[in-house]
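Engineer: Dumping the structure here so I can ask a few things about it.
The values are calculated or read from the model by the stated rules, or taken from the named source; none is laboratory data. Values in this document were obtained by computation on a predicted structure and should not be read as measured data. Cβ sites come from the backbone with ideal geometry, for glycine too, and all protein chains shown count toward neighbours.
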Amino acid sequence: MSAVAQSTANAPETGSAPGEPLLVVRKLTKTFARSRSLMDLVKGEPRRRVHALTEVDLSVRRGETLGIVGESGCGKSTLARCLVRLHRVDSGSVTYDGLDVVALRGAALRRFNRRVQMVFQDPYGSLNPRMTVRATIAEALSVHRICPRREMPARIAALMDLVHLPLSAAGRRPHEFSGGQRQRIGIARALALEPDCLIADELVSALDVSVQAQMVNLLLELQERLHLTVLFIAHDLRLVRHLSHRVAVMYLGRVVELAETEALFAHPRHPYTRALLDAAPELDPSRRGSAEAAVRGELPSPVNPPPGCAFHPRCPVAIEYCRRVRPELVRLRDGRLAACHLAATEDGLVQSTEL
Ligand SMILES: Nc1ncnc2c1ncn2[C@@H]1O[C@H](COP(=O)(O)OP(=O)(O)O)[C@@H](O)[C@H]1O
Ligand SMILES: [Mg+2]
């Protein structure tokens, strides 16, 4: 029995059945100190903070792939880094399989860090250039005492097979591989630790389209074979569609819509989601030519987010109320979550006289 299975079996009160939330994020807030520019110093401006994440709410079910999308700068990487404890959060909670992640220390934190693995866009920096693939995976297996030394060759062969790298590649070093192959090595090393959750932050964004498709297929296959829970982060909606059961759309540090993937693509309810879909016209041939209807204007500074709905300065349908009152993330009639006054009104959740 793997260590993961053991820990779950030993703690039935914290276990969750398939489909139940494995990871629950509540009101997660993270700010960064922003260094003052010379102008700020001259003007005596106080030190300002970057609001990277503000009261983020989401949950990921066991065995699910949740896509997380949003323009660059929306807080996706900060969210990933907070989830694996690379950042200390300002406030809010992260619960993983019943564990309070923010409070984990010592051995419990190390166990958690094994269960939730990040895989990187270019693992080149994290792969030792002098170590062969075999040595890289063997090191992960031995540092974390995954298996006895005599079982390592068979484990390494199985991991290489999982990511479709030929066993003959085991004796080669990182520079002998293409970018896509290096990602497979990074994934094999992550899988060596028998995680139950993978967080892929812009994993395939920099790859050629054909290689992207192969990686997406590999992730789909791994997710099914190993019953992994996956957070798949991308700024490009096209990439998340085929992989994700549900998609969370982030805007300026908040989740603004969270829905089943097909519902989101067929009928986006938040104007920002609609703008993102319009920005990718090749998704739907009937929308071709509407690329200019892509998100208007620039992402506002997270140092000074707009009042009311943060999207209102760029929203084609914003009304006066949107400029003043921040919409909560509410459950719409079809079960999805959205933070838009107009969507809530359309569904009769708010009296339009309130607007
Ligand atoms: N370590 C940091 N220090 C200061 N600001 C940061 C840091 N990391 C991220 N930010 C800021 O937080 C915001 C969100 O960034 P990030 O999470 O990287 O967004 P995304 O991954 O969606 O592109 C950005 O404005 C970014 O400049
Ligand atoms: Mg990022």
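Engineer: Of all residues in the range 79-107, which are within 11 Å of ligand 1 (Cβ to nearest atom) and closer than 14 Å to Phe232 by Cα?
Structural biologist: Once the filter is applied, which keeps residues that are within 11 Å of ligand 1 (Cβ to nearest atom) and closer than 14 Å to Phe232 by Cα, the range 79-107 yields Leu79, Ala80, Arg81.
Engineer: Quick one: in the range 77-96, of everything that is touching a helix residue (DSSP H, G or I) at 6+ places or on another chain (Cβ under 6 Å) and part of a loop (DSSP other than H, G, I, E, B), which residue is surrounded by the fewest Cβ atoms within 10 Å (Cβ to Cβ)?
Structural biologist: His87
Engineer: Need pairs with beta-carbon distance below 7 Å; first residue under 12 Å from Val116 (Cβ atoms) and within the range 74-95, second of a type in the set (Asp, Glu) and within 13 Å of ligand 1 (Cβ to nearest atom); sequence gap 6+ or separate chains.
Structural biologist: Ala80/Asp201
Engineer: Quick one: Glu194 ticks every box in (1) out of contact with any Ser or Thr (no Cβ under 7 Å at 6 or more places or on another chain); (2) part of a loop (DSSP other than H, G, I, E, B) bar one, so which box is it?
Structural biologist: For Glu194, the exception is condition (1).
Engineer: Would you check which residues across the range 212-236 are within 16 Å of ligand 1 (Cβ to nearest atom) and either small (Gly, Ala, Ser) or outside the structural domain of Val119 (by TED's automatic domain parsing) (or both) and list them? Outline the logic, then answer.
Structural biologist: Applying the first criterion (within 16 Å of ligand 1 (Cβ to nearest atom)) to the range 212-236 yields 231-236.
Of everything in the range 212-236, just one residue is within 16 Å of ligand 1 (Cβ to nearest atom) and either small (Gly, Ala, Ser) or outside the structural domain of Val119 (by TED's automatic domain parsing) (or both), namely Ala234.
Engineer: Tell me whether the range 109-131 contains one or more residues that are more than 28 Å from Phe232 (Cβ to Cβ) and in a helix (DSSP H, G or I).
Structural biologist: Among the residues of the range 109-131, not one is more than 28 Å from Phe232 (Cβ to Cβ) and in a helix (DSSP H, G or I), which makes the answer no.
Engineer: What do you reckon, is Leu167 within 29 Å of the chain's Cα centre (by Cα) and either among the aromatic types (Phe, Trp, Tyr) or in the same structural domain as Met131 (by TED's automatic domain parsing) (or both)? Quick ask: steps written out before the conclusion?
Structural biologist: On the way: within 29 Å of the chain's Cα centre (by Cα): no; either among the aromatic types (Phe, Trp, Tyr) or in the same structural domain as Met131 (by TED's automatic domain parsing) (or both): yes.
Considered against the rule, which asks whether it is within 29 Å of the chain's Cα centre (by Cα) and either among the aromatic types (Phe, Trp, Tyr) or in the same structural domain as Met131 (by TED's automatic domain parsing) (or both), Leu167 comes out as no.
Engineer: Only residues that are part of a helix (DSSP H, G or I), touching a Leu at 6+ places or on another chain (Cβ under 7 Å) and surrounded by fewer than 16 Cβ atoms within 10 Å (Cβ to Cβ): list them for the range 157-178, please. Break it down stepwise before answering.
Structural biologist: Step one: filter the range 157-178 for residues part of a helix (DSSP H, G or I), giving 157-162, 167-171, 174-176.
Those left that are additionally touching a Leu at 6+ places or on another chain (Cβ under 7 Å): 157, 159-160, 162, 174.
Hit for the range 157-178 is Ala157, nothing else.
Engineer: Would you check which residues across the range 35-76 are out of contact with any helix residue (DSSP H, G or I) (no Cβ under 9 Å at 6 or more places or on another chain), within 11 Å of ligand 1 (Cβ to nearest atom) and in a loop (DSSP other than H, G, I, E, B) and list them?
Structural biologist: Ser35, Ser72, Gly73, Cys74, Gly75, listed by residue number.
Engineer: Looking at the range 101-111, can you tell me whether even one residue there is closer than 25 Å to Glu257 by Cβ and at pLDDT below 95?
Structural biologist: No, the conditions are met nowhere in the range 101-111.
Engineer: Of the residues Leu198, Leu191, which is surrounded by fewer than 22 Cβ atoms within 10 Å (Cβ to Cβ), at pLDDT 95 or above and either touching a helix residue (DSSP H, G or I) at 6+ places or on another chain (Cβ under 8 Å) or assigned by TED's automatic domain parsing to the domain that holds Glu20 (or both)?
Structural biologist: Leu191
Engineer: Further, regarding this structure: Check Leu218, Leu231, Leu243 and return the single one that is crowded, with 16+ Cβ neighbours inside 10 Å and part of a helix (DSSP H, G or I).
Structural biologist: Exactly one of Leu218, Leu231, Leu243 is crowded, with 16+ Cβ neighbours inside 10 Å and part of a helix (DSSP H, G or I), namely Leu218.
Engineer: Here are the criteria: (1) in contact with a helix residue (DSSP H, G or I) (Cβ under 7 Å, 6 or more places away or on another chain); (2) more than 21 Å from Leu299 (Cα to Cα); (3) within 16 Å of ligand 2 (Cβ to nearest atom). Tell me which single one Met215 does not satisfy.
Structural biologist: Of everything listed in (1) in contact with a helix residue (DSSP H, G or I) (Cβ under 7 Å, 6 or more places away or on another chain); (2) more than 21 Å from Leu299 (Cα to Cα); (3) within 16 Å of ligand 2 (Cβ to nearest atom), Met215 misses just condition (3).
Engineer: Consider Val50 carefully, then state whether it is surrounded by 17 or more Cβ atoms within 10 Å (Cβ to Cβ) and over 13 Å from the mean Cα position of the chain (by Cα).
Structural biologist: Yes; evaluated as a whole, the condition is true for this residue.
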